[in-house]
Amino acid sequence: MLDPYLPLVLMFALAGAFALFSVTAAPYIGPRRYNRAKLDSYECGIEPSPQPIVGGGRVPVAFYLTAMLFILFDIETIFLYPFAVNADALGLFGLVEIVLFIATVGFAYTYVWRRGGLDWN
């Protein structure tokens, strides 16, 4: 009864074993050349400041809008692919659902556009 799932289970077991082996073996196999630059914190190419900014500093809204755009189009792709594969089987109901979905995504895209998420000045 579960024979069709055996290759899938073996693949997950192999992936898990490889991940566990990689994490376990890395400290023993990898190089141990430490210097000040490697141990210093990285702040997106900006020289790290010795004192933390009080309140954490302000993060530009463009970062949040970029993340929203990524999630928006990522989810759109995930939901549109199965529709493209089974468009004939879904019929008119599937077409109406996809049009509603694309309209919802269009509203979100328009929101990001109006908020300036596509302007990189």
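Once you list every other residue whose beta carbon is under 14 Å from the beta carbon of ILE98, what net charge do they have if Lys and Arg are +1 and Asp and Glu are -1? Present the calculation step by step, with values, prior to reporting the outcome.
Numbers: positive: none; negative: GLU76, ASP88, GLU97.
Local charge sum for ILE98: -3.
Using the count of nearby Cβ atoms within 10 Å as a rough guide to exposure, how do TYR109, TYR64, TYR28 rank from fewest to most?
Working: TYR109 18, TYR64 13, TYR28 7.
By the 10 Å Cβ count, ascending: TYR28, TYR64, TYR109.
How much net charge surrounds PHE83 when only other residues with a Cβ under 15 Å from its Cβ are counted (Lys, Arg +1; Asp, Glu -1)? The partial results should precede the final answer.
Working: positive: none; negative: GLU76, ASP88, GLU97.
Surrounding charge for PHE83 is -3.
Only the coordinates and a few stated rules stand behind these numbers; no lab work does. Here the structure is a predicted model, which means the values were calculated and not measured. We place every Cβ from the backbone using ideal geometry, glycine too, and count neighbours over all the protein chains shown.
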